[in-house]
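Every number in this text was worked out from the coordinates using simple rules, so none of it is lab data. Remember, predicted model here, so these are calculated numbers, not experimental data. Don't worry about glycine lacking a Cβ; one is built from the backbone with ideal geometry, like all the others, and counts go over all protein chains shown.
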Amino acid sequence: MAWNEPGGNGKDPWSGKGGDQGPPDLDEVVKKLQDKFGGIFGGGKPSRGDGSIGGGSGPGSKSIGFLVGIALLVWLASGIYIIDAPERGVVLRFGAYHETTPPGPHWHIPFPIERVIPVNVDQITSFRHKAQMLTRDENIVDVEFTIQSRIQDAADYLFQDRDPDKTMRDATETAVREIIGKSDLDFILTQGRGAIADRIKTGAQGLIDDYKAGLTITSVNMQPAKPPEQVKSAFDDAIKAREDKEKLENQAEAYANEVVPRARGEAARRLADASAYKDRVIAEAEGDASRFLAILKEYEREPKVTRARIYLEAIESMLGQTSKVMLDTAEGGGNSLMYLPLDKLIQGVEQGSVGRGTASSKTDSSRAPVETTKFRNVDRTRGVR
C-alpha cells in the first residue's frame, strides 16, 4: 500500500511497522529481494540470520551472468551487416552522419548507438518535363525532355537537401528555360536538339552540385520540338524548303565529286598530250632545220646540181602517188585522139588516198633513212658527173 495510506495507521509498505518506529531496515529489504530471485532461478541459499547478504556465488548468480553474456553477444552480433553491390551504407552514430561504407560485409556498433541506412546508388530514375517556352526571337515553342539521374553521394542525398528529387526537377526546369530562352526557334526546331540537350545537362548539374543534392544527371533527351498550332503550317513549309535545299546541295556535291575528278584526269591527259606534241614539233623543227642546213651547205658547193636534185625530189614526191598518162609527143603524134580511162583513174585515186592514209604513220619513222638515201644519191650523181 502507499506510504501513509489512510487507514494504514501510519505503517510502511515493507515492514508494516508504524511510522513512529523509524525507517525500514535496508538489510531486510535486500534479503527479501534476494529470496525472491533465488526462488525464480532455482533457489539460492537463504540469507544468514545476521542480516548479511549471502549466496553471491550460488547457481542463481551464475545463471544471471550467463544470460547477460548471451544477451551481450547477441547485441554485438546484431551490428553485422552486408551492403550489396549497387548500394552504399550510410552509418549514423547517435543520429548524426558518421561514415559511408562500400559494398561488402561490415560491422557497426549496434542500436541504439549506431544504425545503417543502405542507399542504392546505381538505380536510374527518370522523369519528363514538358512545357511551352519563349525563345530568343520571341516565339513560343512546345518542348519535352526526358531526364535520367542516379544518386552520386548517398550522404548528401540523405542529409544535405530536404527533397533532392524536387531540387533536381527545379534545377532542370530552370536550365531548360534558360537555354531555350537563349536559342532561336529555327535552331530549336532543326539541328539544335543535341546541343541544347548537352547545355541543359551541364547547367542543371551545376545547380544540383551547388545545392549538394547528391544526384548526377546521366542523360538528357530532347524530343522533337513543335511550333504552336497557329503557325505550324508555315513552319512545315519552311522545313520542307530547307530539306529541298539540303537535297539539292547533296546532289550538287555528288555531281561535283563525279565531274571534278574526271575533269582533272582529262586536263592531265591533255597536258600530257600537249607536252608530247611540243616535244614532237620541236624535234621535227630541229630535224627540218638540220636538213635545211645540210642542203644549204650542198647548195653553196654545187648550186645547179642541188637545184636539180631538189626539183626531182619535189616531182617525185608529187607524182609518186598519182596516176600518170604517157603521151607520145613525137612528130605526127600531136594530132592523135587521146582517150582517158576516167573510171580507172578515179579508182586509182581512191586507192592512192587510202594508201596514203595508212602509210602516214610511217612517214616520221622512215623520213631519216629517206633523207640519207637522198644525200647518197647526190654523192653518186657527183661521182658520175
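First check a/c for segment 109-180, with a ≥ b ≥ c the square roots of the eigenvalues of its C-alpha gyration tensor; if it is under 1.5, answer rounded, and if not, answer prolate when a/b is larger than b/c or oblate otherwise.
Taking the square roots of the gyration eigenvalues as a ≥ b ≥ c, segment 109-180 is prolate.
Using alpha carbons only, how many angstrom separate the centre of segment 126-162 from the centre of segment 174-225?
Between the Cα centre of segment 126-162 and that of segment 174-225, the gap is 8 Å.
Give, as a single signed number, the net charge of other residues whose beta carbon lies under 11 Å from the beta carbon of Glu249, with Lys and Arg counted +1 and Asp and Glu -1.
Net charge around Glu249: -1.
Counting pairs on different chains as well as pairs 8 or more places apart, how many Lys pairs in segment 124-228 have Cα atoms under 20 Å apart?
Taking segment 124-228 as the scope, the lysine pair count is 9.
Arrange the following residues from fewest to most other Cβ atoms within 10 Å of their Cβ: Thr146, Thr135.
Neighbour counts put them in this order, fewest first: Thr146, Thr135.
Tell me whether segment 75-120 comes out rounded, prolate or oblate; compute the Cα gyration tensor, take square roots of the eigenvalues as a ≥ b ≥ c, and use a/c under 1.5 as the rounded threshold.
Taking the square roots of the gyration eigenvalues as a ≥ b ≥ c, segment 75-120 is oblate.
Along each of its three principal axes, how wide is the spread of alpha-carbon positions in segment 124-228, in whole angstrom units, largest first?
Taking the Cα atoms of segment 124-228, the three principal extents are 43, 21, 18 Å.
Under 5 Å between amide hydrogens, which residues at least 5 positions from Thr101 or on another chain qualify, with H placed 1.01 Å from N in the peptide plane?
Hits under the 5 Å cutoff: Gly89, Val90, Val91.
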